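Working notes, structure below.
None of the figures in this text is laboratory data; all of them are computed from the coordinates on show. As the structure is a prediction and not an experimental result, all values here were calculated from the model. Here Cβ is always computed from backbone atoms with ideal geometry, including for glycine, and neighbour counts include all displayed protein chains.
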Amino acid sequence: MAEPVVAQKSPYGVEVEAGKTYWWCACGQSKRQPFCDGSHKTTGFTPVEYKAEASRTVWFCGCKHTNKAPLCDGTHNSLA
Ligand code: FES
Ligand code: FES
């Protein structure tokens, strides 16, 4: 599988709503970052589901190289 595209080298802070489901873009090609817009179709990637348990700010990975998808785990700091 090809490498994901780095959408940005920092997380996206998003105010999520309790009870709502979000689909994080894993391929990096969505035009609606950090969420999936269907652009992954030819990439071999599929979006990752995130269910908000509380209403708060969540930091979604923008570099797409996190090991804790869909959330930022700091890996963006070690990207070339
Ligand atoms: Fe990237 Fe859907 S557009 S996973
Ligand atoms: Fe990807 Fe932080 S933005 S790990």
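A few points about this structure:
- When 50, 12 are screened for being surrounded by fewer than 19 Cβ atoms within 10 Å (Cβ to Cβ) and within 16 Å of ligand 2 (Cβ to nearest atom), only 12 passes.
- Matching entry among 21, 42 (being β-branched (Val, Ile, Thr) and within 14 Å of ligand 1 (Cβ to nearest atom)): 42
- Per the conditions (1) outside any loop (DSSP other than H, G, I, E, B); (2) more than 13 Å from residue 62 (Cβ to Cβ); (3) over 10 Å from the mean Cα position of the chain (by Cα); (4) in contact (Cβ under 8 Å) with a residue 12 or more places away in the chain, the sole criterion not satisfied by residue 41 is (4).
- Only listed residue being assigned to a loop (DSSP other than H, G, I, E, B) and buried (at least 20 other Cβ atoms within 10 Å of the Cβ), chosen from 19, 28: 28
- Test: residue in the range 31-45 that is hydrophobic (A, V, I, L, M, F, W, C) and near ligand 2 (Cβ under 10 Å from one of its atoms): no
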